[in-house]
1. Please state the shape class of the stretch 80-126: rounded when a/c is under 1.5, otherwise prolate if a/b exceeds b/c and oblate if not, all from the C-alpha gyration tensor.
2. Please give the length that would be gained between residue 18 and residue 135 if that part of the chain were fully extended, namely 0.36 nm times their separation in residues minus their C-alpha to C-alpha distance (nm, one decimal).
3. Calculate the spin-label point distance for residue 45 paired with residue 108, positioning each point 7 Å from the Cα along the beta-carbon direction, and give it in nanometres.
4. How much length is gained on full extension from residue 69 to residue 82, taking 0.36 nm per residue of separation minus their Cα-Cα distance?
5. Would you check the chain for Lys pairs whose C-alpha atoms are within less than 19 Å, ignoring same-chain pairs closer than 8 in sequence, and give me the count?
6. Please sort by residue number the GluC sites (Glu not before Pro) in the stretch 23-100 whose DSSP state is loop and whose Cβ has at most 12 other Cβ atoms within 10 Å.
7. Please report the net charge: other residues with Cβ closer than 12 Å to the Cβ of residue 100, K and R +1, D and E -1.
8. Counting heavy atoms of the protein chains only and a 1.4 Å probe, report the per residue accessible area for the chain as a whole number of Å².
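The values are calculated or read from the model by the stated rules, or taken from the named source; none is laboratory data. What you see is a predicted model; the values in this text were computed from it and never measured. For neighbour counting, all protein chains shown are included, and Cβ atoms are generated from backbone atoms with ideal geometry for every residue, glycine included. Heavy atoms of the whole protein, side chains included, go into the accessibility calculation; ligands, DNA and RNA do not. Shrake-Rupley method; radii C 1.70, N 1.55, O 1.52, S 1.80 Å.
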Amino acid sequence: LKEKINFVGEYVHKFDMNVRASDMILGAHISNSNILLYNTEALADFLAKKNMKLSNVNGCSCMFNTVVLRYQKEVIYPEILTIRIGIFDVSKYRITFYYVSNNSKGEVCHKSLIETIYIDNETRKIAPTDSIIDIYRS
């Protein structure tokens, strides 16, 4: 994926996530793996508002293909992160989402690129994005 994570597009979703004490590494700060879980939760929330879920996006399952996480500011408990999602890139078989999380002071804590593919639930083959992208744009 891209060396620099810069995004100039519009965001398609905003999600607030409460940082839990159990998300801390030895009580110190949140881990990258938990940021990935938060991003997954934000995408699941977006789809739920469209009466869909990660396992059924127009008859396809969403799978993370490539993930790039950039940690920019430490996040500790208790905090509420605001996670915004934008469409970074679309190709024939992949949609790459841009995620940015801000703390309650508005400071950027994380930036992520997550490249997704979609597996048709019936044929179990990779589905083209032209049957899926409109869900994220509307």
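1. Prolate.
2. Roughly 39.5 nm would be gained on extension.
3. It is 2.0 nm.
4. The residue 69-residue 82 span can extend by a further 3.1 nm.
5. 13
6. When the GluC sites (Glu not before Pro) of the stretch 23-100 are filtered for loop state and at most 12 Cβ neighbours within 10 Å, 74 remain.
7. It works out to a net charge of +4.
8. Here the residues of the chain average 55 Å² of exposed surface.
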